[in-house]
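Engineer: Let me give you the structure first, and then I'll get to my questions.
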Amino acid sequence: MSQFLRDKCKSILTHLSKELEMRKGLKWFVSVKARFIKSKVDGEDLFSEPHFRNLCTTTVNVHDMKKQLQEASSKILDSLAIYQKEGSKWWILDEILHLYLNMAKYTPLNGSSYIPYHYYKQLKVPFVIYADFESVTAKIDSVSPNPTKSSTEKYQHHQPCGFSSIIVSEAEKYNKPPVVYRGEDAVDKFLECLETE
């Protein structure tokens, strides 16, 4: 089947290119119908005619098509191998009956559906402070809740044990190196760092 798909590759690419030129966007997939044969012990032959196809592919650029078609062929061959080996043992490929190229017009979201944001109302931010706190969870004693009322039981407390922060700006003079601190007074130290900056 791989030779069959290689032989049909050029004609498939030609059809896809023509359609893409007319429609400016395509959704397509390739489907192959094949006949398999399996001999039974009593000498009678069983026939099966499954379809193998790739996932629906979206194309808006003619330069992507060759790679997409190779991926489609690979998917079809993988499906065929699974069918022959795992799903249905002893099936032998007898002949390829049909190759279908299914295409539909694809229209990507255009710019008119985008709601513009009022950039003229934005204010430029001179700098940004990024900070991240680390904490450990400490077990706390709690009273048993009243079973007749809905309640939430606290069983642990988040205790800050460190932080990391950095100041980023477009102006180089405001950029600062990262600050990393570990200790029980992490919150107080963070506030001190903010005040000094």
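Engineer: Having 1 or more residues that are closer than 16 Å to M103 by Cα is the bar; report the strands (runs of 3 or more DSSP E) wholly within region 24-69 that clear it.
Structural biologist: Once the strands (runs of 3 or more DSSP E) in region 24-69 are filtered for at least 1 residues that are closer than 16 Å to M103 by Cα, what remains is 26-39, 51-53, 57-59.
Engineer: Another one. Return only the number of the condition from (1) closer than 30 Å to N61 by Cβ; (2) in contact (Cβ under 8 Å) with a residue 40 or more places away in the chain; (3) not assigned by the TED database to the domain that holds D7 that L99 does not satisfy.
Structural biologist: Of everything listed in (1) closer than 30 Å to N61 by Cβ; (2) in contact (Cβ under 8 Å) with a residue 40 or more places away in the chain; (3) not assigned by the TED database to the domain that holds D7, L99 misses just condition (3).
Engineer: Of the numbered conditions (1) farther than 30 Å from E49 by Cα; (2) surrounded by 10 or more Cβ atoms within 10 Å (Cβ to Cβ), W90 satisfies every one except a single condition; which is it?
Structural biologist: If we test W90 against (1) farther than 30 Å from E49 by Cα; (2) surrounded by 10 or more Cβ atoms within 10 Å (Cβ to Cβ), just (1) comes out false.
Engineer: When you check V180 against the structure, is it surrounded by 10 or more Cβ atoms within 10 Å (Cβ to Cβ) and touching a residue at least 40 places away in the same chain (Cβ under 8 Å), yes or no?
Structural biologist: No; evaluated as a whole, the condition is false for this residue.
Engineer: Residues to consider are I76, I96; find the one that is assigned to a strand (DSSP E or B) and among the β-branched types (V, I, T).
Structural biologist: Being assigned to a strand (DSSP E or B) and among the β-branched types (V, I, T) holds for just one of I76, I96, which is I96.
Engineer: Next question. Across region 56-77, which residue is surrounded by the fewest Cβ atoms within 10 Å (Cβ to Cβ) among those that are charged (D, E, K, R) and either in contact with a helix residue (DSSP H, G or I) (Cβ under 8 Å, 6 or more places away or on another chain) or at pLDDT 90 or above (or both)?
Structural biologist: For region 56-77, the residue satisfying everything is K67.
The values are calculated or read from the model by the stated rules, or taken from the named source; none is laboratory data. Note that this is a predicted model, so its numbers are computed, not measured. Neighbour counts are summed over all protein chains in view; Cβ atoms, including those assigned to glycine, are modelled from backbone coordinates with ideal geometry.
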